[in-house]
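Every read-out reported here was derived from the displayed coordinates using simple, explicitly stated rules and does not represent laboratory data. Since this is a predicted model, take the numbers as computed values, not measurements. Please note: Cβ atoms are built from the backbone with ideal geometry, for glycine as well, and neighbour counts cover all protein chains shown.
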Amino acid sequence: MKVVLLAGGYGTRISEESFRVPKPMIEIGGMPILWHIMKEYSYYGFNDFVICAGYKHHVIKKWFADYYYYTSDMSFDFTDGQQKITIHDQRAEAWHVTVVDTGLATNTGGRIKKIQPYIGKEPFLMTYGDGVCDVNIKDLVEFHRSHGKIATLTSVTQKQMKGRLDVAIDNSVRSFREKSAKDESLINAGYMVLEPAIFDELTEDMVFETGAMPKLAERGELMSYRHTGFWQCMDTMLEKNLLEDLIETGQAPWIKW
């Protein structure tokens with residue numbers, strides 16, 4: 001099962017860092033938050049990634065192209081007038097990574113639509129490239145398979161300004177609306193499982209959260225997997241510093257590897 005990561009936005013609310021790199025490439029604990037998210041999925045055996053890039057997409061591509069430079073010890077030998085490079089203790093992941101330029105200003109629904117050729121006709125996982133979570137992804141997939149609907153999202157309870165969910169007792173999502181400053185109820189944390197039928201719901205100019213998701217909810221095709229553990233997005237420098245502190249103190253719940 002492939003993992004789709006939305007990583008194309010401007011990250012304007014954390015412009016202190018995103019003017020240099022895409023928000024998913026902002027580092028926490030010395031590595032991009034995108035790497036942390038991928039390590040979460042890899043921990044559960046999901047190693048095939050499709051990254052929906054856009055803003056500064058070349059930064060993401062170059063980072064993966066130079067992965068050994070970031071993770072391994074290296075020797076550079078110039079003694080005979082030529083450069084010889086030796087990589088010591090090679091540290092690489094068992095990952096297959098496809099980085100797709102889905103456009104500079106493309107909305108989220110359009111980004112997902114554009115990577116359809118890389119997904120095929122199989123269900124896939126999808127989340128945002130700016131939040132970490134300790135959800136059990138295997139359990140999430142099993143829950144999705146149990147109900148037979150088009151889409152499952154992971155819901156958490158936090159005092160955050162995210163998409164507002166109304167979830168029924170059978171875990172079906174009855175309605176979905178965008179954020180409100182007064183919301184303190186269940187919110188959409190991402191970490192979704194989607195059937196390939198989702199592509200029929202999308203257009204290239206659609207916002208996934210306000211276009212496809214409410215329609216799925218109205219038809220009973222959107223289910224909620226309730227997660228009571230840790231989830232935290234990184235929209236601002238305050239949230240970045242919070243994640244940094246958790247790593248530095250050894251209290252980062254998402255780091256299981």
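Observations on the structure shown:
- Neighbour count of at most 12 Cβ within 10 Å plus DSSP loop: longest trypsin sites (Lys or Arg not before Pro)-free window in the chain: 21-90
- Within the shell of other residues whose beta carbon sits under 10 angstrom from the beta carbon of His227, the net charge comes to -1, with Lys and Arg scored +1 and Asp and Glu -1.
- Pairs exceeding 20 Å between alpha-carbon atoms, taken from Lys62/Lys240; Lys113/Lys215; Lys61/Lys138: Lys62/Lys240; Lys61/Lys138.
- Crossing angle, helix 237-248 versus the chain [Cα axis fit, 0-90 degrees, rounded to tens]: 60 degrees
- Between Thr236, Thr152, Thr106, the residue with the greatest mean-square fluctuation in the GNM of the chain (Cα pairs under 10 Å linked by springs) is Thr236.
- Cα centre as origin, Lys/Arg/Asp/Glu Cβ charges: the chain dipole, Debye: 560 debye
- Net charge in the neighbourhood of Ala252 (other residues with Cβ under 10 Å of its Cβ; Lys, Arg +1, Asp, Glu -1) is -3.
- GNM flexibility winner over the chain from Gly110, Gly45, Gly129 (Cα, springs under 10 Å): Gly45
- Cross-link table Lys23/Lys149; Lys56/Lys114; Lys39/Lys114, entries beyond 21 Å C-alpha to C-alpha: Lys23/Lys149; Lys39/Lys114
- 222 nm mean residue ellipticity, helices alone, for the chain (DSSP H n ≥ 4; -39,500 (n - 2.57); rounded to 500): -7000 deg cm²/dmol
- When you filter the chymotrypsin sites (Phe, Trp or Tyr not before Pro) in segment 55-124 for DSSP loop state and at most 10 other Cβ atoms inside 10 Å of their Cβ, you are left with Phe78.
- Additional length obtainable on full extension of the chain from Ser15 to Ile87, 0.36 nm per residue less Cα span: 22.4 nm
- The residues packed around Thr106, meaning those with a beta-carbon under 11 Å from its beta-carbon, carry a net charge of 0 if Lys and Arg are +1 and Asp and Glu are -1.
- Hull-based mean projected area of segment 2-248, where the convex hull spans the alpha carbons, in square nanometres: 14.8 nm²
- With 0.36 nm allotted per residue and the present C-alpha distance subtracted, the Phe199-His58 stretch has 48.2 nm of extension available.
- Degrees between helix 33-43 axis and first principal axis of the chain (Cα, 0 to 90, nearest 10): 80 degrees
- Packing-based exposure ordering (other Cβ within 10 Å, fewest first) of Leu153, Leu242: Leu242, Leu153
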